[in-house]
Each structure stands twice: as structure tokens, then as C-alpha cells.
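A.B. asks: The structure that follows is given in the form of C-alpha cells.
The values are calculated or read from the model by the stated rules, or taken from the named source; none is laboratory data. Owing to the predicted nature of the structure, the values given are computational and were not obtained by experimental measurement. Positions of Cβ are backbone-derived with ideal geometry, glycine not excepted, and every protein chain shown enters the neighbour counts. When the accessible area is computed, the model is the full protein with side chains, heavy atoms only, and any ligands, DNA or RNA have been set aside. Shrake-Rupley method; radii C 1.70, N 1.55, O 1.52, S 1.80 Å.
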Amino acid sequence: MPRLTTLAKLFVADYWIVLDDVQFTRRDYQHRARLAAFDDLARQQWLTTPTRLPHGRPTLIREALIDDADRARRRTDGMLRQHYGASPHWPALVRALGPVLEAFDTGRTAAVADTSTRVLLDPVGWRGQVLTSSRLPARPGRSQRLADLAAATGARAYVCGTGGMAYLDQAPFTAQNIPATPFRPPTTTIWSSGRRLSALWTLATLGPQTVAARSRPSPPTTPN
């Protein structure tokens with residue numbers, strides 16, 4: 001259930017490349033999201049998909065397994081209804097969230113995370129393509145890898161969050177004539193909590209059409 005800033009960054013891109021062959025990181029957003037109650041922004045709670053790593057710390061994201069998938073599915077369903085069931089936009093949201101609950105049947109955390117992002121992009125009208133890094137050619141090295149993945153899509157630019165810009169080595173991008181474009185969302189109004197909360201709260205409060213309008217960039221779209 002991605003944060004609003006993550007959803008907005010994907011929204012302005014033509015391609016979203018899912019990094020499924022990198023190491024799973026605990027205590028991150030790869031298997032959890034922070035929810036806020038529909039009627040009380042200050043009342044927040046973590047929604048976590050219990051995950052076990054069959055290969056220990058080196059386990060890749062695509063290898064991570066859900067611990068007791070049936071129970072995790074029921075808890076997720078219950079928490080989403082508890083937090084957003086009173087929203088006037090809930091009927092549309094619950095239809096969109098159906099595939100997320102079905103993804104628990106795969107037993108894989110990555111499937112739930114991937115699906116939960118896709119279904120939140122659909123209501124806001126994203127028309128891009130989703131690719132997976134394990135199926136694209138890329139050399140090792142954090143920045144080199146990202147530059148190669150961007151090049152594999154024929155990208156005109158790589159859309160990078162402010163956190164990523166802090167560590168990104170732009171030399172591999174320059175070598176392939178792909179500028180790294182920083183993505184800086186607003187920090188006021190609905191965006192004030194966008195770096196922490198799942199976009200579900202904003203979608204439940206304002207509705208998908210309003211969120212899409214506020215996420216739409218003024219300059220031309222650029223590939224990620």
C-alpha cells in the first residue's frame with residue numbers, strides 16, 4: 001500500500017521497474033504500510049505482512065514468504081475495512097483492493113506488495129507499464145544497475161526521489177545520456193503526510209479522481 005509520494009512519483013513515469021531481485025529489507029516499506037483512520041488523521045497504525053526469509057538476510061524480495069498467509073489476509077481485510085469502510089469512496093476502493101487479498105494466496109510478500117501498488121495506480125488513471133528487474137539486463141553496482149535498467153526501457157530520464165538522489169552516482173546515467181530527474185512533491189495540504197502514510201487515506205478522503213488531478217505533473221511525463 002504505497003505512500004502518496006511514491007504513488008505520485010510512479011504516476012508521472014511511463015515505466016515502473018519492480019526491483020524483485022535485490023535483498024529484502026526488514027523494518028522498511030517492502031512489507032508494511034502506515035494507515036491513518038479515515039476520520040482521524042492522528043490515529044495511525046502499521047499494517048504489516050508477516051514475512052519470513054527462507055535464506056536469511058541474503059533472501060531476495062521475490063523469495064520472501066508470507067508467514068501464515070490466511071491469517072495475514074484476514075487481518076489485512078479487517079484493518080482496511082476498519083480504517084476506510086466509512087469512506088464514501090469505499091465501494092470503489094474495496095473493488096480495487098480485491099486482487100490484493102487474492103495475492104495472499106501466492107504465499108509471497110512481493111506479490112502482495114506489487115499488486116497493492118498496481119491497484120492504487122489504476123484508480124488514478126496511470127497508463128504506464130510495469131517491468132521486473134530480474135528480466136532486464138543490468139550490471140552490478142547500485143547506480144550502474146539503475147542506469148542500465150533505465151536504458152533497457154529506452155528512457156529519456158530517470159525519475160528519482162529525493163532520498164535516492166542523496167546516494168545516486170550520476171556518472172553511469174551521464175554515460176548513457178539519461179539524466180536523473182529529482183522528484184520533489186509538494187509538502188503542504190494532502191502532501192504533508194504523504195511521505196509517511198499509505199495513499200489509501202488520501203484516496204478514501206478525496207477520491208481517486210481528485211488524487212489523480214493533484215498528482216498530474218505540469219511538465220511532460222518522463223520514464224522512470
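A.B. asks: Mind telling me which of THR187, THR51, THR153 comes out most flexible in a GNM of the chain, alpha-carbon contacts under 10 Å?
C.D. replies: Evaluated over the chain, the most mobile residue of the options is THR187.
A.B. asks: Springs between alpha-carbon pairs under 10 angstrom, Gaussian network model over the chain: which of PRO208, PRO140, PRO172 fluctuates most?
C.D. replies: Between PRO208, PRO140, PRO172, it is PRO140 that shows the largest mean-square fluctuation.
A.B. asks: What dipole magnitude, in Debye to the nearest 20, does the stretch 127-198 give about its Cα centre under +1 on Lys/Arg Cβ and -1 on Asp/Glu Cβ?
C.D. replies: The calculation lands at about 180 debye.
A.B. asks: Another question about this same structure. How are the Cα pair distances of the chain distributed, in percent, across 10 Å bins from 0?
C.D. replies: Going out from 0 Å in 10 Å bins, the chain shows 8, 32, 36, 20, 3, 0 percent.
A.B. asks: Sorting check: for 8-14, 24-30, 190-196, which peptide has the highest mean count of neighbouring beta carbons within 10 Å, and how do the rest follow?
C.D. replies: Per-residue mean Cβ counts within 10 Å order the peptides as 8-14, 190-196, 24-30.
A.B. asks: If you rank ARG34, ARG156, ARG95 by how much accessible surface each has, with a 1.4 Å probe, what is the order from largest down? Each step should come with its number before you reach the end.
C.D. replies: Working: ARG34 45, ARG156 145, ARG95 170 Å².
Largest to smallest exposure gives the sequence ARG95, ARG156, ARG34.
A.B. asks: How many percent of DSSP beta bridges within the chain run antiparallel, rounded to 5? The partial results should precede the final answer.
C.D. replies: Working: 11 of 20 bridges.
If I count the DSSP bridges inside the chain, around 55 percent turn out antiparallel.
A.B. asks: Turning to a different aspect of this structure: For the chain, which DSSP H helices look membrane-span-like by this rule: Cα extent along the axis of 18 Å or more and mean Kyte-Doolittle of at least -1.0?
C.D. replies: Flagged H segments are 90-103, 109-121.
A.B. asks: Let me ask something else about it. If ligands, DNA and RNA are left out, what is the accessible area of LEU197 with a 1.4 Å probe, given in Å² to the nearest 10?
C.D. replies: Rounded to the nearest 10, that gives 0 Å².
A.B. asks: Within 9 Å, Cβ to Cβ, of ARG3, how many net charges do the neighbouring residues add up to if Lys/Arg are +1 and Asp/Glu are -1? Mind showing how you got there, number by number?
C.D. replies: Working: positive: ARG34, ARG195, ARG196; negative: none.
Cβ neighbours under 9 Å give a net charge of +3.
A.B. asks: So if we plug the beta-carbon distance of VAL22 and THR174 into 1/(1 + (r/R0)^6) with R0 = 30 Å, what FRET efficiency do we get, rounded to 0.05?
C.D. replies: 0.85
A.B. asks: Can you give me the % of accessible surface on the chain that is carbon or sulfur? Probe 1.4 Å, all protein chains present, nothing else counted.
C.D. replies: It is 49 percent, rounded to a whole number.
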